Amino acid sequence: MRFGTASKFALSATLALLAFFLPWQASLVLFLCVVILEIFSDTYKPISAPAHKAFLRFLAYLVSLGLFMVFINGLLIEGDDDACIILGLSFYPDGLAFGLNVACRLMLLSSAILLFFVSTPIKIFADLLGYFGLPQKIISIILLTTFYLEQLPARIRQIFWSQEARGAPIKGNFILRIRSFFSILSPLVLSSLVESVNRGMALELRGFRGQVPPSRPRDVRDFRLAYLILSTSFVLLLWQVWK
Amino acid sequence: MIQSIKERIRRETSGPSLPLIGFSVALNLTVGQITGVLKIPVYLDSLGTVLTAVVSGPWAAVIAGCLSNLLAAALGNPTMMFFLPPMIAIGIFTGLVARAGWFRRSHLCVLGGVLQGLLAALLSAPISAHLFAGTTMGGADFLVVYFRSRDYSIFESVLFQGLLMDPVDKVITYLLVFSLLRGLPERLMNRFPGAANVLGGKG
């Protein structure tokens, strides 16, 4: 069975929400489920091989960050109980428990949200936001941002190399480095402001007012399922808060 | 009142402001690349929001700030999407101080940056402490753990970390935007709704 984008979004949002009130053991199990979903399910199939690799790299980072959080909290945060000695280091049970809770919460939250984005192109996500009622102007801004996100790193590198070739100090004390930061930022912002003026003019000349949403087919059944999942998780959340 | 706000939002998100907001969001998300290469130990992740607040206005900045945090969540730091209130405050506060002419004087910029930093620290501390127990996958987490090991509560640790780091970050951000905009040609600035914030009576 393959879910549509809306249900996929709702399921990821629910998993992320669960991270806030489940005990660490349950969060850890759900985190493993997220990994299995990413690898084996059709619904959450990554949009490309690099996206899959990036997701796996992020998972490795999350796990190492989680282990580090458990280690550092166990080592530094004292509680009422006596410390236990592991490999010659004193760990406090309260600190370890606190570290495990926070680490598992972050691991589930992060992986659940990334699970959605690794399997959904931004264009389709923007369409989904439109169906949920977000103004067309905001959707245009998101699409413009994705355009700039693709362009900016290359532009930054180009300016960085040019400034380095001109002898801008990229090593040195804090003030010098802030100055060279400014020398990179200044042409970047100036060129982007000029580009914004040109793009803004082009949009106005084409009559863009951001009021008429583009017409696209809408999968109503998928939205019903999405609303069902979202409302169930909302009821769960309310129940937890009340408890 | 609502009509006037709607009209302002429309004005601040039309023409060149619309692509500028897109650029600012991308700048917020990629500025870490430059600070990383230059080994500058500050975030500057609201640089685009402050730039938009001065050049376009507070509502455009609120949109830029909120979208930055939501997209940062999509790109690998999901904790960011819970920090919308500080971003909204940054947008509105900067837009208001820019309108009051604080971006025309460097000493007022420093004062604005300090106040902005304090406001951001006060607003983000409860979110960070209650939702994430002070851990937000950032470099400042070390400082929080350090304060916790000194027997401060989670909330106090997060608050002290914020009060130490945010004002410095925001003062640098404000001064960078001040210096960037001071050197821009008047003809270019006049195309944006916030031209008077930088040019004063000349705009």
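The values are calculated or read from the model by the stated rules, or taken from the named source; none is laboratory data. Values in this document were obtained by computation on a predicted structure and should not be read as measured data. So basically every Cβ, Gly included, is an ideal-geometry build from the backbone, and we count neighbours across all protein chains shown. Only protein heavy atoms, including side chains, enter the accessible area calculation; ligands, DNA and RNA are left aside. Shrake-Rupley method; radii C 1.70, N 1.55, O 1.52, S 1.80 Å.
General remarks:
- Residue A:18 vs. criteria within 30 Å of residue A:120 (Cβ to Cβ), buried (at least 18 other Cβ atoms within 10 Å of the Cβ) and either in contact with a Ser or Thr (Cβ under 8 Å, 6 or more places away or on another chain) or aliphatic (A, V, I, L, M) (or both): yes
- If the condition is being part of a helix (DSSP H, G or I) and within 11 Å of chain B (Cβ to nearest Cβ), then the range A:75-93 contributes A:75, A:76.
- Applying the condition of being surrounded by fewer than 14 Cβ atoms within 10 Å (Cβ to Cβ) and part of a helix (DSSP H, G or I) to the range A:165-178 and asking which residue is farthest from the other protein chains (Cβ to nearest Cβ) yields A:165.
- Members of the range A:23-42 found to be open to solvent by less than 50 Å² (accessible area, probe 1.4 Å) and either under 27 Å from residue A:239 (Cβ atoms) or out of contact with any Leu (no Cβ under 8 Å at 6 or more places or on another chain) (or both), listed by number: A:26, A:27, A:30, A:31, A:34, A:41
- Condition check for residue B:157: within 12 Å of another protein chain (Cβ to nearest Cβ) and surrounded by fewer than 21 Cβ atoms within 10 Å (Cβ to Cβ): no
- Filter result for the condition that a residue is open to solvent by less than 60 Å² (accessible area, probe 1.4 Å), touching a residue at least 60 places away in the same chain (Cβ under 8 Å) and either within 9 Å of another protein chain (Cβ to nearest Cβ) or not charged (D, E, K, R) (or both), over B:171, B:144: B:171
- Breaking point among (1) within 16 Å of residue B:48 (Cα to Cα); (2) surrounded by 20 or more Cβ atoms within 10 Å (Cβ to Cβ); (3) at pLDDT 90 or above, for residue B:194: (3)
A quick yes/no check of all residues on (1) in contact (Cβ under 8 Å) with a residue 40 or more places away in the chain; (2) touching a Gly at 6+ places or on another chain (Cβ under 8 Å); (3) under 19 Å from residue A:199 (Cβ atoms); (4) open to solvent by 20 Å² or more (accessible area, probe 1.4 Å):
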site: B:2; (1), (2), (3), (4): no, no, no, yes
site: B:5; (1), (2), (3), (4): yes, no, no, yes
site: B:13; (1), (2), (3), (4): yes, yes, yes, no
site: B:19; (1), (2), (3), (4): no, yes, yes, no
site: B:23; (1), (2), (3), (4): no, yes, yes, no
site: B:30; (1), (2), (3), (4): no, no, yes, no
site: B:36; (1), (2), (3), (4): no, no, no, yes
site: B:39; (1), (2), (3), (4): no, no, no, yes
site: B:46; (1), (2), (3), (4): yes, yes, no, no
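- Residues (at the interface with chain B (Cβ under 7 Å from one of its Cβ atoms), farther than 15 Å from residue B:33 by Cα and surrounded by fewer than 22 Cβ atoms within 10 Å (Cβ to Cβ)) located in the range A:179-189: A:186
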